[in-house]
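Structure, as structure tokens:
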Amino acid sequence: MQTVPDQALAVPAKPGFSRKAKAYIALTKPRVMELLLVTTLPTMIFAHGGFPDLWLMAATMIGGALAAGSAGSFNCYIDRDMDKLMHRTENRPLVTGELTPREALVFSWVLGIVAVALLWFGANPLAGMLGVGAIFFYVVIYTLILKRRTSQNIVWGGAAGCFPVLIAWAAVTNTVAWPAVILFMVIFLWTPPHYWPLSMKYSDDYNAANVPMLGAIASARQVSVQVVLYAWATLVCSLLLAPVGGAGWVYTIVALLSGSWFVYESHRLYSLAKRGTETPAATNKSAMRVFHGSISYLTLLFLALAVDPFIGGPVFG
């Protein structure tokens with residue numbers, strides 16, 4: 001009787017269209033993309049003082065989403081060696097083999113080109129150039145240069161996540177004004193206290209992949225001190241939009257209340273870490289409260305930014 005070689009039995013069947021499509025979508029990091037879009041439309045509304053042209057909104061939102069997806073795909077392509085070492089990323093399509101590196105690379109370039117074209121021609125060249133800057137910053141500055149070399153990787157590399165507000169403001173006004181810079185800085189300062197608590201929980205993963213994320217290489221007390229400082233800086237910076245950017249009472253009140261809550265959760269994490277009597281599981285639970293709370297905070301802040309032009313006038317009129 002003829003036998004089938006073991007190697008032939010080991011070859012996996014090609015995934016169907018639906019599974020392949022899901023793999024491509026996973027490559028774009030949809031959850032990160034959603035968070036970036038949460039900041040884009042409210043910024044456009046605030047910059048315009050109401051709803052901008054429907055086509056402009058669509059071109060900017062879709063272009064911004066594709067730019068974020070392109071950056072995420074490039075990141076998965078470059079980091080595929082470390083992703084297979086981390087439990088958090090072991091199911092990404094380049095690790096499971098659902099996509100080949102060549103497929104991922106081509107997909108990343110196509111998404112990036114379409115994104116820039118949409119921003120450039122659908123909005124204006126400034127928005128397109130900022131789209132190029134966002135992709136470049138995430139792929140080159142963060143992924144290729146900083147991520148594997150410094151514990152401050154997420155601080156400077158996280159600036160890529162701030163570009164959507166600049167793109168949104170530029171799409172509406174064809175300029176980058178001080179309010180956009182303030183919103184950029186809010187997200188810049190928010191990123192470390194958002195991401196470092198997550199890296200505390202997944203410290204074993206980052207150490208296994210030899211990635212010097214601060215939450216993985218520093219003590220819980222050291223990390224939580226930084227989280228508190230950045231949370232306070234985020235709150236203070238967010239309030240600058242009232243005197244400098246013409247924000248109204250809706251935004252200002254929400255910024256104060258939600259920012260205070262964010263700071264409180266950060267202090268709570270610090271208190272647990274400072275005592276040093278809690279189990280790692282308890283500290284990680286508090287860290288994840290800060291992580292999830294930071295997402296809620298940013299969402300509330302930008303929802304308030306979107307509502308602000310429709311209710312009342314500027315606080316400092």
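Annotations
- Within segment 37-51, not a single residue is in a loop (DSSP other than H, G, I, E, B), surrounded by 21 or more Cβ atoms within 10 Å (Cβ to Cβ) and of a type outside the set (Ser, Thr, Tyr).
- Against the test of being open to solvent by less than 10 Å² (accessible area, probe 1.4 Å), among the hydrophobic types (A, V, I, L, M, F, W, C), on the phi < 0 side of the Ramachandran plot and at pLDDT 95 or above, the options 241, 229 yield a single qualifying residue, 241.
- Residue list for segment 52-85, filter: surrounded by fewer than 16 Cβ atoms within 10 Å (Cβ to Cβ) and among the aromatic types (Phe, Trp, Tyr): 55
- Qualifying residue in segment 133-148 (condition: part of a loop (DSSP other than H, G, I, E, B) and either in contact (Cβ under 8 Å) with a residue 40 or more places away in the chain or buried (at least 20 other Cβ atoms within 10 Å of the Cβ) (or both)): yes
- Number of residues in segment 200-225 that are farther than 14 Å from residue 149 by Cβ and open to solvent by 30 Å² or more (accessible area, probe 1.4 Å): the value is 10.
Here's the yes/no breakdown for (1) under 29 Å from residue 104 (Cβ atoms); (2) without any contact (Cβ under 8 Å) to a residue 40 or more places away in the chain; (3) buried (at least 23 other Cβ atoms within 10 Å of the Cβ):
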{"position": "126", "(1), (2), (3)": "no, no, no"}
{"position": "131", "(1), (2), (3)": "yes, no, yes"}
{"position": "150", "(1), (2), (3)": "yes, no, no"}
{"position": "167", "(1), (2), (3)": "yes, no, yes"}
{"position": "176", "(1), (2), (3)": "no, no, no"}
{"position": "180", "(1), (2), (3)": "no, no, yes"}
{"position": "186", "(1), (2), (3)": "no, no, yes"}
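- Residue in segment 303-312 that is outside any helix (DSSP H, G or I) and either modelled with pLDDT of 95 or more or β-branched (Val, Ile, Thr) (or both) present: yes
- Scan of segment 86-95 for residues that are outside any helix (DSSP H, G or I) and open to solvent by 40 Å² or more (accessible area, probe 1.4 Å), ordered by number: 90, 91, 92
- Residue check for residue 246: farther than 19 Å from residue 152 by Cα and either open to solvent by less than 70 Å² (accessible area, probe 1.4 Å) or hydrophobic (A, V, I, L, M, F, W, C) (or both): yes
- Only one of 269, 256, 235, 300 that is of a type outside the set (S, T, N, Q), assigned to a helix (DSSP H, G or I) and under 20 Å from residue 202 (Cα atoms): 269
- Residue 293 touching a residue at least 40 places away in the same chain (Cβ under 8 Å), of a type outside the set (D, E, K, R) and touching a helix residue (DSSP H, G or I) at 6+ places or on another chain (Cβ under 9 Å): no
- Residue match in segment 212-221 (condition: over 27 Å from residue 270 (Cα atoms) and either within 22 Å of the chain's Cα centre (by Cα) or without any contact (Cβ under 8 Å) to a residue 40 or more places away in the chain (or both)): no
- Listed by first and then second residue, the pairs with beta-carbon distance under 8 Å, at least 6 apart or on different chains, first residue in segment 84-110 and farther than 27 Å from residue 63 by Cα and of a type outside the set (Phe, Trp, Tyr), second open to solvent by less than 40 Å² (accessible area, probe 1.4 Å) and assigned to a loop (DSSP other than H, G, I, E, B), are 85/209; 86/209.
- In segment 261-294, of all residues being open to solvent by 50 Å² or more (accessible area, probe 1.4 Å) and modelled with pLDDT of 90 or more, the one that is nearest to residue 250 (Cα to Cα) corresponds to 261.
- Sole residue being touching a Pro at 6+ places or on another chain (Cβ under 7 Å) and either buried (at least 19 other Cβ atoms within 10 Å of the Cβ) or under 30 Å from residue 308 (Cα atoms) (or both), chosen from 34, 98: 98
The values are calculated or read from the model by the stated rules, or taken from the named source; none is laboratory data. None of these values were measured; they are calculated from a predicted model. Every residue, glycine among them, receives a Cβ derived from its backbone with ideal geometry; neighbour counts consider all protein chains shown. Surface areas here come from the heavy atoms of the whole protein model, side chains and all, with no ligands, DNA or RNA. Shrake-Rupley method; radii C 1.70, N 1.55, O 1.52, S 1.80 Å.
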